[in-house]
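First comes the structure, then the notes that go with it.
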Amino acid sequence: MKIVALVKQTFDSEAKIALEGGKIGRQGISLIMNPYDEYAVEEALKLKEKNGGEVTVVTVGPDEATEAVRQALAMGADQGILVNPGTEDIDESTVATILAKAVSSLEYDIILGGFRAIDDGSAQVAGRVAEILNLPVVNMVTKLEADGGKAVATADIEGGSAVMEVPLPAVITAQKGLNEPRYPSMKGIMQAKKKPLKKMGLGDVSLDASQVAAKVKVLNYSLPPARAAGKVIPGEPAEAAAALAKALREEAKII
Amino acid sequence: MINPSMLSTLGIVIFAIVGAIALYFFAMGAVELFTKVTLGQSTSRNDQLGKRLWGTINHAVGQPRILRQAEGGVMHFLHFWGIAIFALAIIHLLFERLFGAVLFRSPVWYLIADIAGLFALVGILYSGFRRYVQKVPRLDTGGWKEERLIVLLISMITLMVVFYFLSYGYKIVATASIPGEPERYTLAFVSSWVASWFAGLDPATARFWEFTFWWLQMIMAFGLLVSFRYSPVIHPAVAPLNIFMRNLGPKGANIESINFEDEERETFGINKIADFTWKDLMDPYACAECGRCQDNCPAYLTEKPLSPKKILVKIKEQIEETVAPRVAMSTEGGHISFGVTKRAEASEEGVEEEEVKKLVGERISTDEIWACTTCRACQEECPVFNEHIVKVVGLRRALVLDESDFPGEAQLAFTNMERNSNPWGIGWQTRGDWAADLGVKELSEDSNVEYLYYVGCAGSFDERVKKVSASLVKIFQAAGISFGILGAEEKCCGDSARRLGNEYLFQSLVQENIENMQNYKVKKIITACPHCFNTLKNEYPQFGGNFEVIHHTQLIARLIQEGKIKPGSGGENLKVTYHDSCYLGRYNDEYAAPRRILRAISGLQIIEMERNLNKGFCCGAGGGRMWLEEHGKRINTARTEQALAINPEAIAVNCPFCLTMFEDGLKDKEVSETIKTYDVAELLARTM
Ligand code: SF4
Ligand code: SF4
C-alpha cells in the first residue's frame, strides 16, 4: 500500500504569541508537528504495518519545517518531501495546490492528513487537495480500516458519528481519538537521519509563483484582550450571591 | 614415631582422589560463573584498591549492614564467623591427618575451634528455623522444589559440624593415654563433652570411629565444594568479591551515560542478559536473597509487583536458563544423554530461542520496571552492595529508547519536556514569571552574581511550590546573598527523563543547561529541589558541567550558623515531623542541615517518624513516578499514614515532589485542613 501523509509544522500550543510589526512573531517559538497531522502519520504507519507498503510524508513550508518531516521519519515513515514556496505570503489554496502537485508525482492508494492545523484552524487544505486530485474525502475520522480497494471510516458528524465507505484512493482527515501517536525510538531517530528527505522549490514541482499566489490576504492580526484578574466576592452566601448576580448583570452584562 | 592420627598411605591416596574431584567441580563452577558474569559489558571496578579492600574487611568483619537487623544479623554473624574459623579447624586437623603435624598445641586453639563449631551449628540451625519455622516474610520461603538445595546445604553444614565433634570426641577417647595429648583438649568443652559419652571405650574402637566420622565430615566439606557448581546459593563465595567491586563513585552518579554519537550502536537499553555490565550479572550471585531490600522497598510495601530482590532473582534465572554454559544430564526416551544447555541470548550468532522468555516484559514485567521510585532504600540496606537501580533504569531504557513502549503519561511528560522544557508542558517563556515582582535578577540582565538560583520546574510552574520559591527569595534577600535566576533560559534538569529511561532527552536538556550556565560563567548553584541538586551536582560532571552545587537547606543552615539569618519564633508551639527526601538523604547523605534549621526556629517541636534518616520512606514521586499513574495502594498515602501515626501538626519537607505528595496524601486522609505541609524554608521564612 502506498500511503501519503500530509503534515504541517505549527507553533507549539503553549507558545506565547506576540505581534511584531503587525505580523505574528516567530522569535523563540517552539515548533511542532501539527498534532492532527501526527494522528495522520500514526495512522499511516499503522496501515503500513498491517498491509505493508511505504509511507511518504509531504509538507509545504520553510526549510525549518524539515524538523516536522524528520519527526515523521523517526516515527517510521519511509521518505519525506518538503516544498518550500519561497514566500511567507501563502494561503490555503497555495498550500493545497503545491501539495496536490507534489503528491500527483507519487504513487498513492490513500492520502492522510490532519483535519485542521492548530494554528490557523481553517480545516481547508486536505479537502482542497482532494478536490484538485479529484478524490473522495472523508473528514474528521476517528476510526479507519483500509485495504484492497476501499476504506471504511468512522467520521465525527454533528452530534454523532457516521460510518462511511469510500473507494481508494481517497483523502482521509484525522480527528483526535483516531489513535495515540507513537514516540520515536532511538533506532527510529538514528535511522531518520539516513532516510531520503527531498527538499524542493516551486520549480521542482513545475509550478511558478503566479500559479500559487495567495487569494486571501490577511489585513490585520490582533491578540485577544488580556484576561482580567478574577474577583472574589466576600460575604455571607446569600449576600454574596446577590452581589454576584448584580455584577453579572451590570458589569459583565451577561445576564 | 608416626602420629597415629595420620592417614594410611591408602587413605592418603583416596583422600587425594576425592579431594581432586571436589576441587575439579569447584573449579568448574568457578569457571562457569566467570563465563556467565563476563558475558556482561565492561565497567571499571579496579580503582582505589585500598579503599575497596578496607571496605570489604570492614563489612565482612563487622558486618554493620547485616547487624542492623537484630535477629537475622546475629544469625549471620554467628554462622559466618563460626564457619570461617571452623574451616581453619578442619584444615588444622588435615595437617595432622596428612603429615602428622600438629600446628597448634595450645588448649586455647581447641577452645576457639569448639566455639566456632558451636557458632556455626547454632547459626545454621537458626537460619533454618527462621526459614522454615518462623517463616520470616522477607525470606519468601518457597516450596520443596525451590527449597531443596537450601535444605541440602543446611543439612550438609550441620552434619559436617556434628561429624567433626563426634570425630573429635572419639579422638579424645582414643588418645587419652598418649602422653601430652589430653592436655591439648582441656579447654575443648564441646569435644570433651562428646568424649564423655564414649568414655571407657577401648582406644582401637575409638580410633575406628574417629576416622569414620572424620571421613564423613570431609565428605560433607567436599560436598560443599562440589555444591558450589550446582547450588543457586553461592552467596558466601561471591559476596566478599561483590563488596570489593562495589560502586565507589558518588551515590548520585551511578547511572552511566550513553554515547549517542556512536553510529554503530543499535540498541541503547538492556534488552538481553549480555547488555548488562558484568557487575550487574555478578550481583544476583552475591545476593543472599535475604530480602532486606524488599523489606524497605516502598513499591513492594504498597503491594506493587516490584521487589528489588526478585529483580535480581529473575536476572539470575534468565542467566541460568538462557546463557548458562553448563553440561547437563537429561533423559530422552529412557536414555540418559548429556547436552550443553542453550546459550541462546548470548550465543555468537545471536539466535533467539523461542522457548526462552524475553528479559524485558516477560521475565521481568513492565509493571515491575515502572514501579520503582529509584528511592535507593534497597541499596542502602543491601549487605552485599548490590545495585538495583541501574538495572531498573537500563530496563526502562530498553522500553523507551529501543521499543518505544511505555505509559502514555510518560510520553506526555517527555513531549512536554522536549517542547517546553518542563514536564507540565507550560509555555517555556513563562518560566521566570513567578519572580516578576520579587526583585530577582535574571542572569541575562546581570550575570555578575555569586550564585545561580536554579529554580527547577516545580518551583517555576507549580502554584504551591512557587510559594516556596518566593520564601527562598525572601531568605536570600534577607541574608544579602548575591544571586540571579536564568528565567526563561532555564530548562528542566532532566532527572525525571533520565530515570524514566529517556537518556536522549536527558542529555539534550543537560547540554542546553550547561551551555547557558557556562555562558554566564556560573560557578555556584543553589537548588531548591533535591532532584535538581543531585542531577546538577553528581550527573552534570559526566557532561562537562562542573559547578559547586548546594541544596537550599544546606545554604540556609550555614547562613543561620554564620548569623546572617536570624530565625524568629515559629509562633505557638508547632509539632513538626521532618521527612527525609531520598535524593537529599540517601543519595547525598544530608540529614542534618534541614533539621538544624528546624531546631533554630523557636517554638517548633520536632518529632521523628519511625522510618527516618537513611531508612526514610519515599514519598512515591522519585524516578519519574511523579508523572505516572499509580495503581492500588499509593505510596504517598502509606507515607502520610506513617506520619499521622505520630500525630504531627505539620510536616516539613525539602523537596517540591514530597510537598505535593504529602498534600495529596493528607487530602486523601481528609486531614488537609488541620495538618499542613511546608518546605523547611517556608517554616523559616514565615518567622522572619
Ligand atoms: S539484594 Fe541484597 S538485600 Fe536484597 S536480598 Fe539480595 S542480598 Fe539481600
Ligand atoms: S529504589 Fe526504592 S522503589 Fe526502587 S526497588 Fe529499590 S527500594 Fe524499591
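Tabulated data
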{"item": "Residue within the stretch A:143-160 that is outside any loop (DSSP other than H, G, I, E, B), under 27 Å from A:E67 (Cβ atoms) and away from every other protein chain (no Cβ under 14 Å) present", "result": "yes"}
{"item": "Residues located in the stretch B:390-415, provided they are part of a helix (DSSP H, G or I), out of contact with any strand residue (DSSP E or B) (no Cβ under 9 Å at 6 or more places or on another chain) and open to solvent by 10 Å² or more (accessible area, probe 1.4 Å)", "result": "B:R397, B:G408, B:E409, B:Q411, B:L412"}
{"item": "Output for the stretch B:12-71, where each listed residue is part of a loop (DSSP other than H, G, I, E, B), open to solvent by 60 Å² or more (accessible area, probe 1.4 Å) and closer than 25 Å to B:I319 by Cβ", "result": "B:T38, B:S42, B:S44, B:N46"}
{"item": "Residue in the stretch B:247-263 that is more than 9 Å from ligand 1 (Cβ to nearest atom) and in contact with a Cys (Cβ under 7 Å, 6 or more places away or on another chain) present", "result": "no"}
{"item": "Matching option when the condition is farther than 22 Å from A:G28 by Cβ, within 12 Å of chain A (Cβ to nearest Cβ) and of a type in the set (S, T, Y), among B:S404, B:S421, B:S469, B:S482", "result": "B:S404"}
{"item": "From the options A:V58, A:V129, A:V95, residue that is part of a strand (DSSP E or B) and within 24 Å of A:L168 (Cβ to Cβ)", "result": "A:V58"}
{"item": "Cβ-Cβ under 9 Å pairs, at least 6 apart or on other chains, the stretch B:439-453 side part of a loop (DSSP other than H, G, I, E, B), far side modelled with pLDDT under 95 and hydroxyl-bearing (S, T, Y)", "result": "B:K441/B:S447"}
{"item": "Residues being farther than 29 Å from B:K316 by Cβ and touching a helix residue (DSSP H, G or I) at 6+ places or on another chain (Cβ under 7 Å) - total across the stretch B:123-174", "result": "12"}
{"item": "Meets criteria (more than 16 Å from ligand 2 (Cβ to nearest atom), assigned to a loop (DSSP other than H, G, I, E, B), hydrophobic (A, V, I, L, M, F, W, C) and within 14 Å of chain A (Cβ to nearest Cβ)) for B:I270", "result": "no"}
{"item": "Number of the exception - A:L178 against (1) in contact with a Phe, Trp or Tyr (Cβ under 6 Å, 6 or more places away or on another chain); (2) assigned to a strand (DSSP E or B)", "result": "(2)"}
{"item": "B:I255 being more than 16 Å from ligand 2 (Cβ to nearest atom) and within 20 Å of B:V400 (Cβ to Cβ)", "result": "no"}
{"item": "Criterion: out of contact with any Leu (no Cβ under 6 Å at 6 or more places or on another chain), within 14 Å of chain B (Cβ to nearest Cβ) and under 23 Å from A:Y108 (Cα atoms) - qualifying residue of A:P181, A:P196", "result": "A:P181"}
{"item": "Number of positions in the stretch B:273-296 that are surrounded by fewer than 24 Cβ atoms within 10 Å (Cβ to Cβ), within 16 Å of B:V393 (Cα to Cα) and within 16 Å of ligand 2 (Cβ to nearest atom)", "result": "1"}
{"item": "Meets criteria (within 16 Å of ligand 1 (Cβ to nearest atom) and either more than 14 Å from chain A (Cβ to nearest Cβ) or out of contact with any strand residue (DSSP E or B) (no Cβ under 7 Å at 6 or more places or on another chain) (or both)) for B:K615", "result": "yes"}
{"item": "Looking only at the stretch B:618-635, and only at residues there that are more than 13 Å from ligand 2 (Cβ to nearest atom) and either in contact with a Gly (Cβ under 7 Å, 6 or more places away or on another chain) or aromatic (F, W, Y) (or both), the one that is least open to solvent (accessible area, probe 1.4 Å)", "result": "B:W627"}
{"item": "Single residue of the stretch A:98-124 satisfying the filter (out of contact with any strand residue (DSSP E or B) (no Cβ under 7 Å at 6 or more places or on another chain) and assigned to a helix (DSSP H, G or I)) that is least open to solvent (accessible area, probe 1.4 Å)", "result": "A:A100"}
{"item": "Any chance B:V122 is under 30 Å from B:K309 (Cα atoms), among the β-branched types (V, I, T) and open to solvent by 60 Å² or more (accessible area, probe 1.4 Å)", "result": "yes"}
{"item": "Residue within the stretch B:626-637 that is closer than 25 Å to B:R596 by Cα and among the aliphatic types (A, V, I, L, M) present", "result": "no"}
{"item": "Those residues of the stretch B:416-438 which are part of a loop (DSSP other than H, G, I, E, B) and under 24 Å from B:A497 (Cβ atoms), in sequence order", "result": "B:S421, B:N422, B:P423, B:W424, B:G425, B:I426, B:G427, B:R431, B:G432"}
{"item": "Test: residue in the stretch A:190-209 that is within 27 Å of B:A410 (Cα to Cα), open to solvent by 40 Å² or more (accessible area, probe 1.4 Å) and not in a loop (DSSP other than H, G, I, E, B)", "result": "yes"}
{"item": "Subset of the stretch B:264-310 [closer than 16 Å to B:E368 by Cα, of a type in the set (A, V, I, L, M) and within 13 Å of ligand 1 (Cβ to nearest atom)]", "result": "B:L306"}
{"item": "Filter result for B:R586 (away from ligand 2 (no atom under 16 Å from the Cβ) and away from chain A (no Cβ under 14 Å))", "result": "no"}
{"item": "Exclusive hit being crowded, with 19+ Cβ neighbours inside 10 Å, at pLDDT below 95 and away from ligand 2 (no atom under 16 Å from the Cβ), set B:E345, B:E354", "result": "B:E345"}
{"item": "Failed item in (1) at negative phi; (2) within 13 Å of ligand 2 (Cβ to nearest atom); (3) out of contact with any Pro (no Cβ under 9 Å at 6 or more places or on another chain); (4) part of a loop (DSSP other than H, G, I, E, B), with B:C375 passing the rest", "result": "(3)"}
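Condition check ((1) under 17 Å from the mean Cα position of the chain (by Cα); (2) over 22 Å from B:G425 (Cα atoms); (3) buried (at least 18 other Cβ atoms within 10 Å of the Cβ)) across all residues:
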residue	(1), (2), (3)
A:E14	yes, no, yes
A:I17	no, no, no
A:E20	no, yes, no
A:K50	no, yes, no
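The values are calculated or read from the model by the stated rules, or taken from the named source; none is laboratory data. Predicted model only: the values in this text are computed from it and were never measured. Please note: Cβ atoms are built from the backbone with ideal geometry, for glycine as well, and neighbour counts cover all protein chains shown. When the accessible area is computed, the model is the full protein with side chains, heavy atoms only, and any ligands, DNA or RNA have been set aside. Shrake-Rupley method; radii C 1.70, N 1.55, O 1.52, S 1.80 Å.
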